[in-house]
Each structure stands twice: as C-alpha cells, then as structure tokens.
Amino acid sequence: MDKPGQTGEFIRGIKTALPVMLGFIPFGLVLGAQTTQKGFSVLEVPLMTGINFGGGSEFAAVELWTSPPHIFVIVLITFLINSRHLLMGAVLSPYLGHLPRKKVLAALFFMCDESWALGLNDAVSRKPDGNIRGFSLSFYMGAALTLYITWVVFTTIGGIIGPVIGDVRNWGFDMAFPAVFFVLLRGMWRGFAAGRPWLVSLIVAIAVYLTVPGAWYVPAGAAAGLLFAFFTAGRT
C-alpha cells in the first residue's frame, strides 16, 4: 500500500474509533480516581496504564492494592484476566503473518478488546471470503493508537482530579465500557450458529464466577468457547 493510502487508512481507523473513545473517557477517569485513592502518584498512573493497557486487569490490580502490596497475587490475577489476549492474538495472527515482525509486535502491544474487534470486523467486512489481505494494519493502528492515547491521558486526568470529585462511579460512568462492548459485539454478529461459542463461553464464565473465587472465570470462559468452536468446526 502506498503512503497516501496508508495515511487514509490510518485516519479512517481514528474516525471509526471515535465513538469507542468516548466510552474510554469516563472509565479512564474512574480508574485514575481509584488509583490515587489507593496512594498512587500521578506519575505512576500513566506508567501502569501505558505499560499494561488492559482495563480489566488494571481495575483488579488497584482493587487488590494494599500497603505493602501483595505483588504475587496482583501479578497472578493480572495474568489470568489478560489471558484472553492469548486467544485474541491467536485469532488475529493469520492476518499478521505476512507482515514484518517489528510491525506485528507493535500491533499486538497496542491491542485491546475494542481495537481487536474493530480491526477484525473491518477485515471481515472488506473481504467476506476471509482473505487475510483484507486486514488493514494502518486502519487497525489508527484505531488502536487513538484508544491507547485516550486511555493513558484520561486515567492520568482521573488521577489528578480524583481527590477533588470523589468516586465518579456514583455518576453512572461505570456503564460506559459494557455499553461500548455490546455495540462492538453487535457489529461482529454473524448469526446464531456463529455465536454459539460466545454463548458457551458466557455460560461457563458465569458458572465459574459464581462458584470459584478469583478471576478464573476469564480463562475458563475463553477456553470453553475455543474448545467448542474447535470441536464443532465445519458442522452446521
């Protein structure tokens, strides 16, 4: 793809990510406010959110934070929650296989649930036959960088203003992420047959959440959906 084409795709990714970005803002403020309430400095907030870039695991880490912190427990829970990225990366890998490794590593570093869904959905929409060349790395990076910068900036702002405004969850901002996620799922919906692994994953995750302490519901749900999809592949 030529340079002008890459720039156009990058801008298209930014525009596509803008509605999702609006959902990131209140959640970033919530997380930032919680970190300072736990004793994080303003500098430590962007370091955590910029290096890890996984909202669910960051909320869990802050919730578990004590003085002194139980590092092993926090690392384990963070790994369990972020383990879904193993499955997400595996789904995305066929689309990235023809690209240079340094570009692939950058793309995967900036991957989150929303940028993954936007990039994959765009590829499927552009190439219904599943051609891997339908994946636009420039589009994906435009969306991913927009969301990454938004998350780091607004978690930092939340850390700065958190002590002033108190618990912003009282304003109902904690519904922003679930709303955005459901919209993304709707965009990726391809009928009930294709959605059965999602349903299996959801049921298993709920069952494990209700019966097993900790974040084991995350890898359990992901593994259940993956196994169901594997054993039912090619069947109607």
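Quick rundown of the values:
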item	result
Residue within the range 123-143 that is among the polar types (S, T, N, Q) and at pLDDT 85 or above present	yes
Residue ID - nearest to Val30 (Cα to Cα), chosen from residues in the range 60-90 that are hydroxyl-bearing (Ser, Thr, Tyr) and open to solvent by 40 Å² or more (accessible area, probe 1.4 Å)	Thr66
Every residue from the range 79-115 that is closer than 21 Å to Ile51 by Cβ and not hydrophobic (A, V, I, L, M, F, W, C)	Asn82, Ser83, Arg84, His85, Gly89, Arg101, Lys102, Lys103, Asp113, Glu114, Ser115
Single residue of the range 1-59 satisfying the filter (among the β-branched types (Val, Ile, Thr) and within 13 Å of Ile157 (Cα to Cα)) that is most open to solvent (accessible area, probe 1.4 Å)	Val42
Residue list for the range 182-206, restricted to those being at pLDDT 60 or above, open to solvent by 50 Å² or more (accessible area, probe 1.4 Å) and of a type in the set (A, V, I, L, M)	Leu199, Leu202, Ile203, Ile206
Pairs with Cβ under 6 Å, 6+ apart, first in the range 7-32 and under 17 Å from Trp116 (Cα atoms) and in contact (Cβ under 8 Å) with a residue 12 or more places away in the chain, second crowded, with 19+ Cβ neighbours inside 10 Å and of a type in the set (D, E, K, R)	Val20/Glu114
Elements of type helices (runs of 4 or more DSSP H) contained in the range 68-114, each with 1 or more residues being in contact with a Gly (Cβ under 7 Å, 6 or more places away or on another chain)	71-82, 101-109
Test set (1) under 19 Å from Val20 (Cα atoms); (2) open to solvent by 60 Å² or more (accessible area, probe 1.4 Å) - Leu137 fails condition number	(2)
Residue list for the range 203-220, filter: under 18 Å from the mean Cα position of the chain (by Cα) and touching a residue at least 24 places away in the same chain (Cβ under 8 Å)	Ala215, Trp216, Val218, Pro219
Single residue of Phe154, Phe110 found to be over 18 Å from Pro94 (Cα atoms) and at pLDDT 85 or above	Phe154
Wholly enclosed helices (runs of 4 or more DSSP H) of the range 1-64 bearing at least 2 residues at pLDDT 90 or above and on the phi < 0 side of the Ramachandran plot	3-37, 44-52
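The values are calculated or read from the model by the stated rules, or taken from the named source; none is laboratory data. Note that the structure is a prediction, hence the values are computed from the model and not measured. Here the Cβ is made from the backbone with ideal geometry for all residues, glycine too, and neighbour counts use every protein chain on show. We work out accessible area using only protein heavy atoms, side chains counted, and drop any ligands, DNA or RNA first. Shrake-Rupley method; radii C 1.70, N 1.55, O 1.52, S 1.80 Å.
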